[in-house]
């Protein structure tokens, strides 16, 4: 996708749109990878008169960037706006059997032209890069703000969705309550993740933006001229892959070692030392992300006590001998 986006730099010109041009919001359903669990958002500009069908995509990043993983951990990942032909954009989603929902926006000729010119300007090499933030500045918030800026105060929506929900609850819905990914996120997220979101803050998720626009109005008319929408299908975590089962197995392992220690009147220090080392690494990671990274939701929370309390409870068999 990166190469395609760069190749389009020769064809994206600030030409004027025809009167029959259409601008749509594309909402892509989730994939299997963790970064794709939340879906994706893009803007399509279709102008048959000018033989143009381009998708603007704010989700482009380059794994080959120097020190990519270090920057990613610190929350200093630079994303950029890419532009590619619609058929190329759709190829990946068709291949993976991931539905893409399109909502054609009912914009005036002046509004379409303004949005188009802003997209073209945003695509200029000096403007296309931005500092990615998972909840405040991502592939969904950028298209939303572009559309909202063009429509101004005339844009409103009756969609309430998960109003009053927290960031943690929202993310749990897409990662799965019982998945290991959700367990890891819960360990890293602090109290800030339990703050209720405002209506606009919810729109960092592509599905929420799709539903928001489906009920949006500009003045007294619906914003979406026509389009197809459907709830995201979230795969359930099988029982044998849940973090709860892993925690139970860990408890049974420590309990079994503790029982064996009690029988032989010795202590398996390797088990406690291993636990202390792993837990110390986890605390150091949280501390680093809290004080030295740009991740807004990371912090110390009570869920960090789950691992040592499980270990301690299982060790009571040996301690209370």
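The values are calculated or read from the model by the stated rules, or taken from the named source; none is laboratory data. Treat the numbers as computed from the prediction; the structure is a model and nothing was measured. Note that we place each Cβ from the backbone using ideal geometry, even for glycine, and neighbour counts take in every protein chain shown.
Scan segment 24-40 for residues that are more than 12 Å from the chain's Cα centre (by Cα) and either assigned to a helix (DSSP H, G or I) or surrounded by fewer than 17 Cβ atoms within 10 Å (Cβ to Cβ) (or both) and the total you get is 1.
Just for segment 41-51: of the residues that are surrounded by fewer than 23 Cβ atoms within 10 Å (Cβ to Cβ) and in contact (Cβ under 8 Å) with a residue 40 or more places away in the chain, which one is nearest to residue 21 (Cα to Cα)?
Top of the filtered list is 46.
Residue 154 meets each of the listed conditions (1) closer than 28 Å to residue 108 by Cβ; (2) in contact with a helix residue (DSSP H, G or I) (Cβ under 9 Å, 6 or more places away or on another chain) apart from (2). Of the residues making up segment 209-228, at least one is under 26 Å from residue 33 (Cα atoms) and in contact with a helix residue (DSSP H, G or I) (Cβ under 7 Å, 6 or more places away or on another chain).
Taking the condition of being in contact with a helix residue (DSSP H, G or I) (Cβ under 9 Å, 6 or more places away or on another chain) and either under 22 Å from residue 295 (Cα atoms) or crowded, with 18+ Cβ neighbours inside 10 Å (or both), how many residues in segment 162-177 meet it?
Of the residues in segment 162-177, 11 are in contact with a helix residue (DSSP H, G or I) (Cβ under 9 Å, 6 or more places away or on another chain) and either under 22 Å from residue 295 (Cα atoms) or crowded, with 18+ Cβ neighbours inside 10 Å (or both).
Of everything listed in (1) more than 26 Å from residue 136 (Cβ to Cβ); (2) touching a helix residue (DSSP H, G or I) at 6+ places or on another chain (Cβ under 7 Å); (3) surrounded by 12 or more Cβ atoms within 10 Å (Cβ to Cβ), the single unmet condition for residue 203 is (1). Filtered by the rule that a residue be under 22 Å from residue 313 (Cβ atoms) and out of contact with any helix residue (DSSP H, G or I) (no Cβ under 8 Å at 6 or more places or on another chain), segment 279-291 gives 280, 281.
Residues are listed down the side, and each one gets a yes or a no for (1) more than 30 Å from residue 263 (Cβ to Cβ); (2) exposed (fewer than 13 other Cβ atoms within 10 Å of the Cβ); (3) in the same structural domain as residue 136 (by TED's automatic domain parsing); (4) at pLDDT below 95:
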site: 280; (1), (2), (3), (4): no, yes, no, no
site: 286; (1), (2), (3), (4): yes, no, no, yes
site: 294; (1), (2), (3), (4): yes, no, no, yes
site: 297; (1), (2), (3), (4): yes, no, no, yes
site: 301; (1), (2), (3), (4): yes, no, no, yes
site: 307; (1), (2), (3), (4): no, no, no, yes
site: 312; (1), (2), (3), (4): no, no, no, yes
site: 315; (1), (2), (3), (4): no, no, no, yes
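Close contacts from segment 250-274, counting a first residue that is free of Cβ contacts under 8 Å to residues at least 40 places away in the same chain and assigned by TED's automatic domain parsing to the domain that holds residue 309 and a second that is exposed (fewer than 15 other Cβ atoms within 10 Å of the Cβ) and outside any helix (DSSP H, G or I), with Cβ to Cβ under 9 Å and a gap of 6+ residues or different chains, come to 260/266; 265/321.
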